[in-house]
1. What is the pair-distance distribution P(r) of the stretch 166-231, computed from all Cα-Cα distances in 10 Å bins starting at 0, with each bin given as a whole percent?
2. Work out the length of the dipole vector of the stretch 156-205 about its Cα centre, built from +1 on the beta-carbon of each Lys and Arg and -1 on the beta-carbon of each Asp and Glu, and round it to the nearest 20 debye.
3. Give me the percent of the accessible area of the stretch 44-120 that comes from carbon and sulfur atoms, probe 1.4 Å, all protein chains in place.
4. Enter the Cα centre distance for the pair the stretch 29-55 and the stretch 136-193, rounded to the nearest angstrom.
5. What is the Cα convex hull volume of the chain when expressed per residue in Å³?
6. Add -39500 (n - 2.57) for each DSSP H run of 4 or more in the chain, then divide by its residues: what number comes out at 222 nm, to the nearest 500 deg cm²/dmol?
7. In debye, nearest 20, what is the charge dipole magnitude of the chain about its Cα centre with +1 on Lys and Arg Cβ and -1 on Asp and Glu Cβ, if you could check?
8. Kirkwood Rh over alpha-carbon pairs of the stretch 37-162, then Stokes-Einstein at 10 °C and 1.306 mPa s: what D in µm² s⁻¹, rounded to an integer?
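The values are calculated or read from the model by the stated rules, or taken from the named source; none is laboratory data. This is a predicted model, so every value here is computed, not measured. We place every Cβ from the backbone using ideal geometry, glycine too, and count neighbours over all the protein chains shown. Quick note on the areas: whole protein, heavy atoms, side chains included, nothing else; ligands and nucleic acids left out. Shrake-Rupley method; radii C 1.70, N 1.55, O 1.52, S 1.80 Å.
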Amino acid sequence: MAVDEFLYSIGEGVERIASAFRSFLFPEPAENPPRFGFTRRLVKSRVTLHELFSLHLQLCFLLYLVLNFVVVFLVSNPLWVLILAVPYFLYLRYLFNRYGHFLLEEKPYLVFYTVISALSFLAFFGYSIVRLYAGGVLYVYAYVMGIAVLVLLFRWYFKRTFGRDYTYGVVEELKGDLVRVFVHDDLSANVKPGLYWLPAVPDAEPGRVVKVLVEDRAFRSAKPVRIIEVYLSQSSQSSTEPKNAME
């Protein structure tokens, strides 16, 4: 390879790295949906893009928590908690700025993961500082209790602002007096994704989008109980149809 070709290939590589770095720091909404290749390989069943995105957020947050636990209990320097937080929050910002519009409802997920991540950072960072400089177990307990109160206040705020007693699903199957409905992951309704058998109602045919009443349960996900509205348009089980029905 000639020297000029070698230098040109190096320049191209540097340009690609710089472009990727700029895209990460200053993300713009993407036209194509994210792949989430690693997360997709962890899921055996077929999932919608919305479920895949939600699972990816959960895994990222869980990894962030685990790494913080390791750092806090193995390293006494609070600076490491800060070092972990910087790339995590940058990645969280990148995900929502670039791909957030692919979620059925972006704002509840953005608020939830931003605030709960910030509270987690405060918990670990503050705990490290209190343990290092306060020098008393009572101070540690008091700080932990303060964080717990903040979590409860955020839970109240989230339910008051975004909470609702219904969600959306797609009818999959009819069987006697029951219909099997696929319900998307829904933070606002506190519902886990899955297939639920519900009492049949008129016009609830396979492929149709339905509005489902959910029953709130303390310290557990809400339970879909019955269909309260049927949308007459057919669904192809894409990840955007309930969003279209709401609009």
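1. 25, 57, 17, 1
2. Values: 6 positive and 8 negative charges, 74 e Å.
Computed about the Cα centre, the dipole is about 360 debye.
3. On the way: 2800 of 3840 Å².
Carbon plus sulfur share of accessible area: 73 percent.
4. 21
5. Working: hull volume 45.1 nm³, N = 247.
For the chain, the hull spanned by Cα atoms encloses 183 Å³ per residue.
6. Numbers: 7 runs with 132 residues, N = 247.
It lands at -18000 deg cm²/dmol.
7. Working: 25 positive and 22 negative charges, 179 e Å.
The dipole of the chain has a size of about 860 debye.
8. Values: Rh = 16.1 Å.
Result for D is 98 µm²/s.
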